[in-house]
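Undergrad: Please read through the structure below; I'll follow up with questions.
The values are calculated or read from the model by the stated rules, or taken from the named source; none is laboratory data. Nothing here was measured: the structure is a model prediction, and the numbers come from that model. A quick note on method: Cβ atoms are made from the backbone with ideal geometry, for glycine too, and the neighbour counts reach across all protein chains shown. Note: accessible area is taken over every heavy atom of the protein model, side chains too, but ligands, DNA and RNA are not part of it. Shrake-Rupley method; radii C 1.70, N 1.55, O 1.52, S 1.80 Å.
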Amino acid sequence: MSANNHFGATGTTLSVLQLAFIVAPSFILFGYNQAGVGGLLTESDWVKTFPQIDTVNTTGAEKSKNSTIQGVVVAVFVIGALFGSLSCSYTGNALGRRNVIFIAGVFTLIGSILEASSFGLAQFIVGRIILGTGVGQLSSIVPVWQAETSGATNRGRHVVLTGLFICLGYVLESWIDLGFFEFHTGPVTWRPPLAISIVFSLILMGSIYFFPESPRWLVLKNRSDQARSVIAALRGLPEDSVEVQAEVTGIEFSLEETAGTAVKLTDMLKMGEDKLLYRFLLCIMLQFYQQMSGSNLVSVYAPILFQQNLGLSGELSRVLSGGALTWKFLSSFIAFFTIDRFGRRAVFIVSGVGMSCCMIALAITTSFPKDNKSAQIAAGCFIYLYNTFVPIGFLGANFLYCTEVAPIRLRMAMSSISTANHWLWNFVVAMVTPVAINTIGWQYYIVFAVISACIPLSVLFLFPETKGRSLEDIDMMFKDSPSAWATVKYAKTRPVALPQEFAAKSDTKSAHLEEA
């Protein structure tokens with residue numbers, strides 16, 4: 001299909017359709033399936049279907065063995081996601097952004113069908129791995145495609161919506177799980193909740209080829225004419241307009257500057273003029289913070305926190321966790337309105353300070369005996385407050401920043417490897433949390449409090465502001481800064497370069513070549 005095949009819409013309308021038909025289903029699948037099994041593990045029909053992971057009707061050594069297998073079954077989704085995101089480092093550039101999104105949709109569809117139709121643990125595990133692989137691919141490729149098709153002024157707002165849709169996935173899973181839980185017995189308590197995500201896979205697969213390919217990828221593949229028509233459609237401007245010509249020239253200039261270099265993955269481990277190692281470490285650090293600040297702990301294990309930590313009933317715990325995730329979804333709108341107004345650094349710092357304070361408060365309140373009602377209420381409030389701060393900086397902005405600081409030739413590789421790092425720490429939290437809650441209890445929150453407290457310090461000294469800059473301008477900003485340590489300060493004083501300036505640089509370079 002042609003690179004600019006779309007609904008006939010242009011500009012803002014095309015961007016809204018892109019969000020509704022591609023970004024929303026992709027990240028609803030992310031949130032929905034990440035927590036999709038946690039609430040089903042105690043259902044009577046589930047236990048009957050999968051006796052190998054029955055921790056309800058077993059005791060002693062058998063229960064211990066079953067709980068270990070249960071942890072593996074839940075966590076294989078994350079292992080699949082890790083390899084899925086890593087695969088994009090090759091497929092994203094080789095096949096194109098849209099093709100990989102379609103393939104990921106096929107994976108999530110097959111995985112969901114296998115899960116929902118399982119009558120044995122082996123089939124369920126295979127389905128879980130395939131589903132995880134698809135979600136991992138989506139988590140890596142969609143933010144890149146979205147960043148590369150968005151304009152500089154609203155790129156933050158567009159990409160940060162990924163976090164809002166992840167939250168929406170959590171919310172849907174939580175309330176749908178509770179709704180089918182009320183049937184109490186039979187396959188209806190767990191098969192429909194798993195099958196519902198099939199709808200989002202079908203929307204994704206049926207829609208992707210109606211949207212334009214990334215203009216950056218098209219230029220990378222020497223298809224500048226198609227890139228020009230795509231940019232014209234995305235910006236709602238004529239193909240021969242100065243703005244469109246300048247943006248294409250800027251992308252071409254950025255690629256010319258790095259021609260013959262920075263094409264190997266090992267180059268990310270070298271500093272060089274482009275400061276690639278520094279930029280790669282920013283991506284790795286950000287995704288580490290996203291998981292190890294406790295976000296996944298509170299999202300996935302909210303029912304366990306309310307039930308085991310606070311001693312509440314199963315049904316009340318589900319209601320409160322559903323409410324907490326709904327509140328998290330509503331709080332996601334804060335980032336939408338602030339990311340392009342106050343910048344990336346501001347949202348990371350506010351989010352880090354808030355999360356650290358809430359984790360300290362949770363450590364204190366959960367250290368009291370379970371019969372202390374005041375401490376219980378306070379702990380519940382701090383879980384909700386924590387869910388206010390997480391989406392501000394770490395449910396979308398982290399994916400956005402990684403796509404911004406990576407150069408075009410290595411953007412796919414940096415994004416996929418840093419996203420794989422996100423899934424690796426996700427796996428660690430998923431495996432460690434049940435054990436940690438039962439052994440060290442309230443002290444577990446201190447770990448997340450300390451890590452969250454490191455976020456504002458890191459951002460202040462290491463993370464340059466990227467707000468309002470084109471992806472090519474950000475690339476030049478890193479190249480022109482005197483050193484990695486001086487980049488934050490340099491970014492504050494360096495004026496924002498317009499696409500026309502890249503066009504002028506390209507013309508100057510061409511003139512020099514002709515003279516030579």
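Undergrad: Subtracting the Cα-Cα distance from 0.36 nm times the residue separation, let me have the gained length for residue 342 to residue 242 in nm, one decimal.
TA: Difference between extended and current length: 33.1 nm.
Undergrad: Jot down the per residue volume, in cubic angstrom and as a whole number, of the convex hull over the alpha-carbon atoms of the stretch 159-220.
TA: It comes to 95 Å³ per residue, whole-number rounded.
Undergrad: Select from the chain the helices, each a whole stretch of DSSP H, whose alpha-carbon atoms run 27 Å or more along the helix axis and whose Kyte-Doolittle mean is at least -0.5; answer none if there are none.
TA: Taking the DSSP H segments of the chain (at least 27 Å long, mean hydropathy at least -0.5), we get 60-94, 97-116, 121-149, 155-181, 314-342, 344-365, 373-393, 411-439, 444-462.
Undergrad: Can you give the longest stretch of the chain with no exposed loop site, where a site means chymotrypsin sites (Phe, Trp or Tyr not before Pro) in a DSSP loop (not H, G, I, E or B) with at most 12 other C-beta atoms within 10 Å?
TA: 120-484
Undergrad: Moving to a separate point now. If you average 1/r over all unlike Cα pairs in the chain and invert the result, what Kirkwood radius do you get in angstrom?
TA: 23.6 Å
Undergrad: Hey, in the chain, which Cys have no second cysteine's beta-carbon closer than 4.7 Å?
TA: That list is 88, 167, 357, 358, 381, 454.
Undergrad: Assuming R0 = 25 Å, can you tell me the calculated FRET efficiency for the pair residue 428 and residue 90, based on Cβ-Cβ distance, to the nearest 0.05?
TA: Plugging the Cβ-Cβ distance into 1/(1 + (r/R0)^6) gives 0.50.
Undergrad: What do you get when you divide the Cα radius of gyration of the stretch 30-131 by 2.2 N^0.38 Å, with N the number of residues?
TA: For the stretch 30-131, the normalised Cα radius of gyration is 1.24.
Undergrad: If eta is 0.890 mPa s and T is 25 °C, what Stokes-Einstein diffusion coefficient results for the stretch 324-419, Kirkwood Rh from Cα pairs, in µm²/s?
TA: In µm²/s, the coefficient rounds to 164.
Undergrad: Tell me the mean residue ellipticity at 222 nm calculated for the chain from its helices only (DSSP H runs of n ≥ 4, each -39500 (n - 2.57), averaged over every residue, nearest 500).
TA: Using -39500 (n - 2.57) per qualifying helix, the result is -24000 deg cm²/dmol.
Undergrad: Quick one: if you stick a label point 7 Å off each Cα along the C-beta vector at residue 458 and residue 439, how many nm between them?
TA: Each label point is offset 7 Å from its Cα along the Cβ direction, giving 2.5 nm.
Undergrad: I would also like to ask the following. Can you figure out the FRET efficiency of residue 492 with residue 270, using R₀ = 25 Å and their beta-carbon distance, to the nearest 0.05?
TA: 0.40
Undergrad: Sort out the exposed loop GluC sites (Glu not before Pro) in the chain (DSSP loop, at most 13 other Cβ within 10 Å) and tell me the longest stretch that has none.
TA: 274-516
Undergrad: I've got another one for you. What accessible area per residue comes out for the chain, rounded to a whole number of Å², with a 1.4 Å probe?
TA: Roughly 37 Å² per residue, with all protein chains present.
Undergrad: Pairs of Cα atoms under 8 Å, at least six residues apart: use those to get the relative contact order of the chain, whole percent.
TA: Rounded, it is 22 percent for the chain.
Undergrad: Kindly report, to the nearest 10 Å², the accessible surface of residue 385 as traced by a 1.4 Å probe over protein heavy atoms only.
TA: 70 Å²
Undergrad: Given a 1.4 Å probe and every protein chain left where it sits, what share in percent of the accessible area of the chain is carbon and sulfur?
TA: Answer for the chain is 68 percent, counting heavy atoms of protein chains only.
Undergrad: When all alpha-carbon pairs of the stretch 89-210 are counted, what percent fall beyond 24 Å?
TA: In whole percent, the share of Cα-Cα pairs in the stretch 89-210 beyond 24 Å is 35.
Undergrad: Let me ask something else. Taking the simple approach of a point 7 Å from Cα along Cα-to-Cβ for both residue 209 and residue 153, what is their distance in nm?
TA: 3.5 nm
Undergrad: What per residue convex hull volume, in Å³, do the alpha-carbon atoms of the stretch 363-425 yield?
TA: Given the Cα convex hull of the stretch 363-425, per-residue volume reads 88 Å³.
Undergrad: Provide 269, 460, 14 ordered by accessible surface of protein heavy atoms (probe 1.4 Å), highest first.
TA: In descending accessible area the options line up as 269, 460, 14.
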